Amino acid sequence: MTMHSGAYRFAVNVTPRPGILDPQGRAVEQSLPHLGVSGVSGVRVGRRVELNVAAADESAARAIVDRLAGELLSNPLIEAFEVELLSSPGAPGPG
Amino acid sequence: MRIGVVVFPGSNCDADTMHGLRVAGAEPVELWHETADLQGAAAVVLPGGFAYGDYLRAGAIARFSPVMRAVAEFAGRGGMVLGICNGFQVLAEAGLVPGALLRNRSLRFAGREVSIAAQTADSPFTLGVPLGRPLRMPIAHGEGCYYADEATLDELDRTGRVLFRYVDADGRVAVDPDDPANPNGSVRAIAGVANRAGNVAGLMPHPERAAELLLGSDDGLLILRALVESAAAQPTSGRPSAVIVG
């Protein structure tokens, strides 16, 4: 575990938008019977990006992350994203 | 007729594209991704490959390179820009052509010869290309499944901006995404589209890999020639880029 003093640590979770074909998710779902698992559906495969942001306060840090998430980390035509604050400056994060 | 070919780290069709353009009668010039100088090119081609390793999403990082700022400005002035394969993905990520390229429906990288057919005679990118005739050329991509929402697709159809569709050997459009003639599951079998102004186009198959009979087909030469001849006919052709965007 690392402490990033002076920086906010965020996770950006990117997932395919509802209705967008997700062949990865479908392939995972189709493999489940081979594991002897049933009753699992709606598998969607996305991407998680974690990053540190040095900023004056949390809302300034979030503004930076929101911009990155919308312009670079996701393609809004096909993907949705959620921003999650993992830790604040000085406070040890969960992992 | 000078035509710029952009080279990103990870481009791998740049030399083939330059050769194909030479066969089509143009004088190709390399444009390194860190330059914003288009060297007076009358048109720009973004070639295939894996720009910036295709990290995040194909084309996502290439979009922010200095050369793309210059290409966007050039396109805004009406300059012709053609993105082939990975170049199409870069243009889509940059919002210079509509839609997005998703992972192939099969989840497999598709590298084989396909047939496409021109859908409109009113585009500079299909100048002299026989309408509806199957053109044979290779594809080589893992993310080529064209997607756009229904409203965008309807608008593309209505305004004649679907330039090419995947067809079978008889020229029948492979609308069913599971049709073997539709190699990646593209919606409405779309293989190539243009922007609203008509001067920027993305194309998934590789015309430069089918530009000489030695390669098994020279159908791709029709598309390269359309670009060269249309660029030559443009009023702004040959003039150096005069506008610099900071």
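Every residue, every condition in (1) among the aliphatic types (A, V, I, L, M); (2) farther than 30 Å from B:Cys145 by Cα, yes or no:
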residue	(1), (2)
A:Asn13	no, no
A:Val28	yes, no
A:Val45	yes, no
A:Val53	yes, yes
A:Ala56	yes, yes
A:Arg62	no, yes
A:Gly70	no, no
A:Leu86	yes, yes
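So, in the range B:194-224, exactly how many residues are over 14 Å from B:Pro134 (Cα atoms) and of a type outside the set (A, V, I, L, M)?
Residues flagged as over 14 Å from B:Pro134 (Cα atoms) and of a type outside the set (A, V, I, L, M) within the range B:194-224 amount to 10.
How many residues are farther than 21 Å from B:Val71 by Cβ and not hydroxyl-bearing (Ser, Thr, Tyr) if we restrict to the range B:158-204?
Summing the residues that are farther than 21 Å from B:Val71 by Cβ and not hydroxyl-bearing (Ser, Thr, Tyr) in the range B:158-204 gives 29.
Which of the residues belonging to the range A:18-47 are of a type in the set (Lys, Arg) and within 12 Å of another protein chain (Cβ to nearest Cβ)?
Within the range A:18-47, A:Arg26, A:Arg47 qualify.
Could you pull out every one of the strands (runs of 3 or more DSSP E) wholly within the range B:106-187 that has 2 or more residues that are more than 13 Å from chain A (Cβ to nearest Cβ) and in contact (Cβ under 8 Å) with a residue 60 or more places away in the chain?
Of the strands (runs of 3 or more DSSP E) lying wholly inside the range B:106-187, those with at least 2 residues that are more than 13 Å from chain A (Cβ to nearest Cβ) and in contact (Cβ under 8 Å) with a residue 60 or more places away in the chain span B:110-118, B:135-141.
When you scan the range A:68-76, do you find a residue that is over 29 Å from B:Glu143 (Cβ atoms) and modelled with pLDDT of 95 or more, even just one?
No, every residue in the range A:68-76 fails to be over 29 Å from B:Glu143 (Cβ atoms) and modelled with pLDDT of 95 or more.
I'd like the full set of residues that are within 23 Å of B:Arg57 (Cβ to Cβ) and either in a helix (DSSP H, G or I) or of a type in the set (D, E, K, R) (or both), limited to the range A:49-61.
Passing the criteria: only A:Glu50.
Considering only residues that are of a type in the set (A, V, I, L, M, F, W, C), within 14 Å of chain A (Cβ to nearest Cβ) and in contact (Cβ under 8 Å) with a residue 40 or more places away in the chain, which ones fall in the range B:56-67?
Residues satisfying the conditions are B:Ala58, B:Ala62.
Given the structure, is B:Gln89 at pLDDT 95 or above and within 11 Å of chain A (Cβ to nearest Cβ)?
yes
Tally the residues that are touching a residue at least 60 places away in the same chain (Cβ under 8 Å) and either within 14 Å of chain A (Cβ to nearest Cβ) or among the hydroxyl-bearing types (Ser, Thr, Tyr) (or both), restricting the search to the range B:14-53.
1
Which condition from (1) of a type in the set (Val, Ile, Thr); (2) outside any loop (DSSP other than H, G, I, E, B); (3) within 20 Å of B:Leu56 (Cβ to Cβ) is the one that A:Val28 breaks?
Only one criterion is unmet by A:Val28, namely (3).
Within the group B:Ala201, B:Ala174, which residue is within 18 Å of B:Gly48 (Cα to Cα) and in contact with a Phe, Trp or Tyr (Cβ under 6 Å, 6 or more places away or on another chain)?
B:Ala201
The values are calculated or read from the model by the stated rules, or taken from the named source; none is laboratory data. Computed from a predicted model, the values in this text were never measured in an experiment. Cβ coordinates were reconstructed from backbone atoms using ideal geometry, including for glycine residues, and neighbour counts include every protein chain displayed.
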